[in-house]
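Data first, discussion second: the structure below is written as structure tokens.
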Amino acid sequence: MSATFTQTLASAWERNNSLLCVGLDPDPAKFPAHLKGRDDAILEFCKAIVDATADLVCAFKPQIAYFAARRAEDQLEDLIAHIHERHPGIPVILDAKRGDIGSTAQQYAVEAFERFRADAVTVNPYMGRDSVEPYLAYPDKGVILLCRTSNPGGSDLQFLHVQGGKAGEEPERLYERVARLVAEEWNRTGQCALVVGATYPHEIARVREITGFMPLLVPGIGAQGGDIEATVKAGRTGAGTGLMINSSRAILYAGTGEDFAQVSRQAALETRNSINRWR
């Protein structure tokens, strides 16, 4: 039997001594000149980044919109296949933020896990448990649910108070309710994780308190300004793991010349070391 998402992630944390997740958000307008105009530019750019950084990361996270907007889903398939073949043991998170019910959610699960062969997928929990169940039908795959996102508008809903579900329970923030539901009721496969933004370290700590050892995907460092020290101290487990701290633009576009991949490697190395300083 193949390893589950959480097993693969735990092995990558240890093997690469890394909590860094590199987000793959390919924007052809930012590519080096020698790649511009090529039909396979997105694939070649991402493969170069992956090959240069694979020993420094705990996961890769391609964002599906950057591929779909340019009719490059076939390049996304090839990229994920490349990661699995050349860098086995590094989990791939498909950042799709799907959220729908019934047969539609089933098709999104097929897309993520059978078409693209991702190890995990990001999911929006707004429509409730039955919208998550189709992903849990794949017991070895990760289901990473939005909880406390890094964008400023996240507070419009996520920070609202909701009444306790049982008599006598204290009100809690909506993001706290999501964390509790996922940790206590929805995580029947043991493969769930949560998205909590680095821009809110207090909420990272609160989610860690609620969920115990559940992995947390943490966007928001680098270009979004999240503080690495505060993020690691708030979200690490007692073993110094438990986090997938994502950086995308600050690593992808660190260099602009033909040596862009090596420049990205140096940026990834520095980021990983900065994270490890506070573990």
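The values are calculated or read from the model by the stated rules, or taken from the named source; none is laboratory data. These numbers were taken from a predicted model, which means no experiment stands behind them. Positions of Cβ are backbone-derived with ideal geometry, glycine not excepted, and every protein chain shown enters the neighbour counts. In case anyone asks, the SASA skips ligands and DNA or RNA and just uses the protein heavy atoms, side chains included. Shrake-Rupley method; radii C 1.70, N 1.55, O 1.52, S 1.80 Å.
With +1 on the Cβ of every Lys and Arg and -1 on the Cβ of every Asp and Glu, and nothing else charged, how large is the dipole of the chain about its Cα centre, in debye rounded to the nearest 20?
Working: 30 positive and 35 negative charges, 100 e Å.
That gives a dipole near 480 debye.
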Under the rule of at least 5 residues apart or a separate chain, name every residue whose amide H is placed under 5 Å from the amide H of Gly99.
Asn124
Pick from Tyr126, Tyr253, Tyr200: which is most flexible by mean-square fluctuation in a GNM of the chain where alpha carbon atoms under 10 Å apart are linked?
Tyr126
What's the magnitude of the charge dipole for the stretch 23-88 around its Cα centre, counting Lys and Arg as +1 and Asp and Glu as -1 at the beta-carbon? Answer in Debye, nearest 20.
240
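To the nearest 0.05, how large is the calculated FRET efficiency for Glu169 and Tyr126 if R₀ is 22 Å and r is the Cβ-Cβ distance? Don't skip to the end; give the middle numbers.
Working: r = 22 Å, r/R0 = 0.98.
That gives a FRET efficiency of 0.55.
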How large is ³J(HN,Hα) for each residue in the stretch 213-218, as worked out from phi by the Karplus curve 6.51 cos²θ - 1.76 cosθ + 1.60 (θ = phi - 60°), to whole Hz, x for Gly and Pro?
9, 4, x, 10, 8, 10
Only Cα pairs within less than 10 Å get springs; with that Gaussian network setup on the chain, which residue of Asp140, Asp227, Asp40 has the largest fluctuation?
Asp40
For Ala193, other-chain or 5+-apart residues with amide H closer than 5 Å (H placed, Pro excluded) are Val143, Ile144, Leu145
Which of the residue pairs Lys30/Lys61; Lys36/Lys141; Lys36/Lys97 have a Cα-Cα distance greater than 24 Å in the structure shown?
Lys36/Lys141; Lys36/Lys97
Suppose R0 equals 41 Å. What FRET efficiency, 1/(1 + (r/R0)^6) with r the Cβ-Cβ distance, do His82 and Leu160 give to the nearest 0.05?
0.45
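With every protein chain left in place, what is the accessible area per residue of the stretch 37-90 in square angstrom, probe 1.4 Å? Let's see the in-between values first.
Working: 2210 Å² over 54 residues.
Accessible area per residue: 41 Å².
Note the full-extension length gain between Lys233 and Glu114 as 0.36 nm times their separation in residues minus their Cα-Cα distance, in nm to one decimal. Show your work: numbers first, answer last.
Values: separation 119, 0.36 × 119 = 42.84 nm, distance 3.63 nm.
Stretched out fully, the Lys233 to Glu114 stretch lengthens by 39.2 nm.
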Over all Cα pairs of the stretch 97-151, how is the pair count split among 10 Å bins, expressed in % and running from 0 up to the last occupied bin?
27, 59, 15, 0
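Would you mind classifying the stretch 15-122 by shape? Square roots of the alpha carbon gyration tensor eigenvalues, ordered a ≥ b ≥ c; an a/c under 1.5 is rounded, otherwise it is prolate if a/b is larger than b/c and oblate if not.
On the way: a/c = 2.00, a/b = 1.19, b/c = 1.68.
It comes out oblate by the Cα gyration axes.
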Using only the alpha-carbon atoms, how far is helix 41-53 inclined from the longest principal axis of the chain? Give it as 0 to 90 degrees, nearest 10.
80
What does the convex hull of the Cα atoms of the stretch 194-279 come to per residue, in Å³, rounded to a whole number?
74
Which whole-Hz couplings ³J(HN,Hα) result when phi for each residue of the stretch 64-79 is put into the Karplus expression 6.51 cos²θ - 1.76 cosθ + 1.60, θ = phi - 60°, listed in order with x for Gly and Pro?
4, 4, 5, 8, 5, 4, 10, 6, 10, 4, 5, 6, 5, 4, 5, 5
Keeping the other protein chains in place, figure out the carbon and sulfur percent of the accessible area of the chain, with a 1.4 Å probe.
47
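When the dipole is taken about the Cα centre of the stretch 1-130, and only Lys, Arg (+1) and Asp, Glu (-1) are charged at their Cβ, what size is it in debye, to the nearest 20? Each step should come with its number before you reach the end.
Values: 14 positive and 19 negative charges, 49 e Å.
Roughly 240 debye, rounded to the nearest 20.
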Per-residue HN-Hα couplings for the stretch 137-151 [Karplus 6.51, -1.76, 1.60; θ = phi - 60°; Hz; x = Gly/Pro]
5, 9, x, 9, 9, x, 10, 10, 9, 4, 10, 10, 7, 7, 6
Here the Cα Rg-to-2.2 N^0.38 Å ratio for the chain is 0.97
Most fluctuating of Leu252, Leu43, Leu35 in the GNM of the chain (C-alpha, under 10 Å) is Leu35
Estimated inter-spin distance, Arg71 and Gln107, nm [label 7 Å along Cα→Cβ]
2.1
